[in-house]
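**Student:** What follows is a structure written as structure tokens; I'll ask about it next.
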Amino acid sequence: MLINGGLQKNKGKDVEPFMLFMREFLMEKNCFELFWEIWPKSYRKASKSICEKKWKSKGLDKDWKQIHKHVTWLKTTDMWRKSDGAFIPAPLVYLNQERWDGAEVPEMEITVTVGYKDPALKKIEEDRKVAIEMPEDIRKKLAELKKKLISV
């Protein structure tokens with residue numbers, strides 16, 4: 001769903017294509033694997049098998065949507081982003097304390113830009129259009145120098 005030449009704005013509304021994609025994605029991977037993938041990398045991200053046992057024993061597949069929403073939001077907070085992730089808890093702590101339960105997650109605005117091109121890449125492309133070709137004698141000289149460097 002693209003609006004205004006490629007920008008999509010969504011405030012807390014379910015986007016049907018995204019939900020279909022997630023359903024297909026979930027069919028290939030179990031919810032715990034998805035949880036493990038979205039959990040940010042930090043020195044505390046460990047004990048995957050223990051976390052998976054905890055996930056299964058608590059039956060957390062039913063809470064996956066809320067957990068996903070909560071972790072996605074937490075990854076944007078200053079507490080989790082500062083000091084190179086020093087305040088991100090171990091995933092086992094998060095699961096044991098059920099931190100998503102009762103947590104109020106603010107609605108997040110999603111903006112997607114389609115067709116964005118980095119200004120530096122755009123400038124390089126423009127410069128290539130007006131650049132002249134390298135003269136043949138210089139091209140030959142460079143090829144000779146390259147051969148000499150390779151043989152050394």
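Laboratory data are not the source of any read-out in this text; all were calculated from the coordinates shown. Keep in mind that what you see is a predicted model, and the values were worked out from it rather than measured. With ideal geometry, Cβ positions are generated from the backbone for all residues, glycine too; neighbour counts draw on all protein chains shown.
**Student:** Tell me, S49, S42 in order of fewest to most beta-carbon neighbours within 10 Å?
**Tutor:** S49, S42
**Student:** Here's a follow-up. Past 21 Å, Cα to Cα, is the threshold; run K45/K75; K41/K69; K48/K75; K41/K82; K56/K82; K45/K82 against it and keep the listed order.
**Tutor:** Cα-Cα > 21 Å for K56/K82; rest within.
**Student:** Turning to a different aspect of this structure: Determine the equivalent ellipsoid of segment 35-77 by diagonalising the alpha-carbon gyration tensor, then write out the semi-axes as square roots of 5 times the eigenvalues, largest first, rounded to whole Å.
**Tutor:** One finds semi-axes of 18, 16, 6 Å for segment 35-77.
**Student:** I would also like to ask the following. So if I average 1/r over every pair of distinct C-alpha atoms in segment 29-124 and take the inverse, what Kirkwood radius in Å does that give?
**Tutor:** Details: mean 1/r = 0.0658 Å⁻¹.
Kirkwood radius, segment 29-124: 15.2 Å.
**Student:** Give a quick list of chymotrypsin sites (Phe, Trp or Tyr not before Pro) in segment 36-75 that DSSP marks as loop, anything other than H, G, I, E or B, with at most 15 other Cβ atoms within 10 Å.
**Tutor:** Details: sites: W36, Y43, W55, W64, W73; in loops: Y43.
Counting only loop positions with at most 15 other Cβ atoms within 10 Å, the chymotrypsin sites (Phe, Trp or Tyr not before Pro) in segment 36-75 are Y43.
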